[in-house]
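Some notes on the structure that comes next.
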Amino acid sequence: MKSVAYGVQNATSPVAPMSIDRREPGHHDVLIDILYCGICHSDIHQARNEWGGSSLYPMVPGHEIVGRVSQIGSHATKFKVGQLVGVGCMVDSCRHCEACHDGVEQYCDDSVFTYNAKDPKHGGLTFGGYAERITVDENYVVNVPENLDTKAVAPLLCAGITLYSPLKHWNVQPGQKVGIIGLGGLGHMGVKLAAAMGAKVVMITTSASKAVDAERLGASEVLISKNADDMAKHAASFDLIIDTVPVAHDLNPYIALLKRDKTLVLVGPLDPLEMHGANLITKRRHVAGSMIGGIAETQEMLDFCGKHNIVSDVEMIDAQYINDAYERMLKSDVKYRFVVDIASLKQ
Ligand code: ZN
Ligand code: ZN
């Protein structure tokens with residue numbers, strides 16, 4: 001099935017129109033007409049081959065996909081034609097390892113990413129959501145609540161689940177004090193989700209200009225990390241901190257904010273990490289990592305968002321603007337996620 005897409009031919013080419021082939025739906029597949037696709041920072045890194053030479057070309061980025069089912073395979077039972085659905089960062093996994101068995105397919109060694117991956121079952125490469133349609137095994141598709149603003153749902157499929165999963169894994173409870181470091185695409189979802197879980201959310205940022213927005217999103221307080229006196233006042237008071245800052249920085253001032261036995265969770269791959277052992281030892285603190293979420297947990301997150309009316313704050317763009325959007329994202333000039341209107345692909 002020839003399909004219109006936007007993608008890159010190599011590490012230095014701009015995002016431009018291309019034609020890709022989508023497979024006809026197999027027995028367990030659904031074909032999805034894509035409505036919207038969010039732009040994740042990892043799209044830029046992969047399009048430009050900035051992750052250790054791991055990029056495969058041609059590449060169609062995009063793993064924050066919302067669309068409607070247009071066709072179902074003969075044995076597919078989970079979705080109906082016309083149903084609003086989402087696809088996130090994965091389109092398959094091995095289905096028999098411990099991670100798959102435990103519903104954390106994102107940690108399966110053989111999980112298949114939505115784009116920039118070899119497709120072991122169908123051959124060729126996987127292509128992402130900057131495209132008019134996608135064929136996906138129904139087990140890696142999630143239902144999207146109809147009551148939400150559909151275009152603003154797209155970023156939940158990566159940014160949303162990336163924050164929801166650690167909030168659940170570390171069992172955030174009403175009244176607990178949760179810190180979110182960094183107010184961007186990830187951080188703004190963390191504030192909304194943690195607040196909806198009943199936590200007292202503190203936005204931890206270097207920039208005082210973020211305060212008004214953080215409070216609008218649900219933060220009850222803003223802590224300016226450059227202010228040593230304020231940081232000292234919050235020492236050893238947090239139940240959980242999630243660090244969304246994507247570039248290397250000193251973790252020690254943030255670790256000192258944790259109560260005994262509590263955890264600082266990294267959701268971005270920071271290198272190098274420098275930590276003072278004493279900062280961990282004296283209060284048995286933890287530093288941990290977390291990557292997106294499993295399929296069942298992604299569904300749980302979308303249901304939670306449907307119930308609490310949570311979506312991402314988005315700026316809608318046409319596909320022709322993706323290159324400009326990338327440049328603006330590198331300057332953090334977006335509140336807080338670009339979403340591509342896929343109808344614009346056919347213009
Ligand atoms: Zn992403
Ligand atoms: Zn597996």
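The values are calculated or read from the model by the stated rules, or taken from the named source; none is laboratory data. The structure presented is a predicted model; accordingly, all values stated were derived computationally and were not measured. All Cβ positions, glycine included, derive from the backbone under ideal geometry; neighbour counts span all protein chains shown. Only protein heavy atoms, including side chains, enter the accessible area calculation; ligands, DNA and RNA are left aside. Shrake-Rupley method; radii C 1.70, N 1.55, O 1.52, S 1.80 Å.
Some points to look at:
- Where I161 falls short, out of the listed (1) within 21 Å of R328 (Cα to Cα); (2) open to solvent by less than 10 Å² (accessible area, probe 1.4 Å): (1)
- In segment 136-151, the residues that are free of Cβ contacts under 8 Å to residues at least 40 places away in the same chain never reach a residue that is part of a helix (DSSP H, G or I) with C-beta atoms less than 8 angstrom apart, at least six apart or across chains.
- Complete set of residues in segment 1-39 that are hydroxyl-bearing (S, T, Y) and loosely packed, with under 14 Cβ neighbours inside 10 Å: T12, S19
- The criterion of at least 2 residues that are over 20 Å from the mean Cα position of the chain (by Cα) is met by the following strands (runs of 3 or more DSSP E) wholly inside segment 234-347: 238-243, 258-266, 286-289.
- Pairs where the first residue, in segment 54-68, is at pLDDT below 95 and away from ligand 2 (no atom under 16 Å from the Cβ) and the second is outside any strand (DSSP E or B) and open to solvent by 10 Å² or more (accessible area, probe 1.4 Å), C-beta under 9 Å, 6+ apart: S54/Q46; S54/N116
- The single condition from (1) surrounded by 23 or more Cβ atoms within 10 Å (Cβ to Cβ); (2) part of a helix (DSSP H, G or I); (3) small (G, A, S) that S42 fails is (1).
- None of A219, A319 is in the same structural domain as N139 (by TED's automatic domain parsing) and touching a strand residue (DSSP E or B) at 6+ places or on another chain (Cβ under 6 Å) except A319.
- G123 being over 27 Å from H169 (Cα atoms) and without any contact (Cβ under 8 Å) to a residue 40 or more places away in the chain: yes
- Residues of segment 117-131 classified as closer than 18 Å to L84 by Cβ and open to solvent by 30 Å² or more (accessible area, probe 1.4 Å), total: 0
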